[in-house]
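Working notes, structure below.
Bear in mind these aren't lab numbers, they're just calculated from the coordinates by the rules spelled out. Note that this is a predicted model, so its numbers are computed, not measured. Note: ideal-geometry Cβ built from the backbone for every residue, glycine included; neighbour counts use all protein chains shown.
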Amino acid sequence: MTSLGLTCVVALHDLTLASTYCDRIALLRDGRLEVAGTPQEVLTAARIEDVYGVDCDLLSHPRTGRHVVALTHRGGHRVRSSTT
């Protein structure tokens, strides 16, 4: 798209998919911009835990080097709910 001089805006909830196909991404918290930048800048395990309340590991895709976000379950882990 960039080579054509075009911009595409898409809303994704799959962070691995966003990392794979997007040059720049933005994370929202409660509908407000939390951070924007390249996937490598934005997607850190600490930030994903802070914004979404989930524990994850970031792996490097063997061919592209882009982030693969792997959610992890560790004993006693809690998922933050907006209703509590």
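Protection proxy ranking, highest mean first, for peptides 58-65, 17-24: 17-24, 58-65, where packing is the per-residue count of other beta-carbon atoms within 10 Å, averaged.
Once the piece of chain linking HIS73 and ASP55 is laid out straight, how much longer is it, given 0.36 nm per residue of separation minus the C-alpha distance between them? Present the calculation step by step, with values, prior to reporting the outcome.
On the way: separation 18, 0.36 × 18 = 6.48 nm, distance 0.71 nm.
5.8 nm is the gain from fully extending HIS73 to ASP55.
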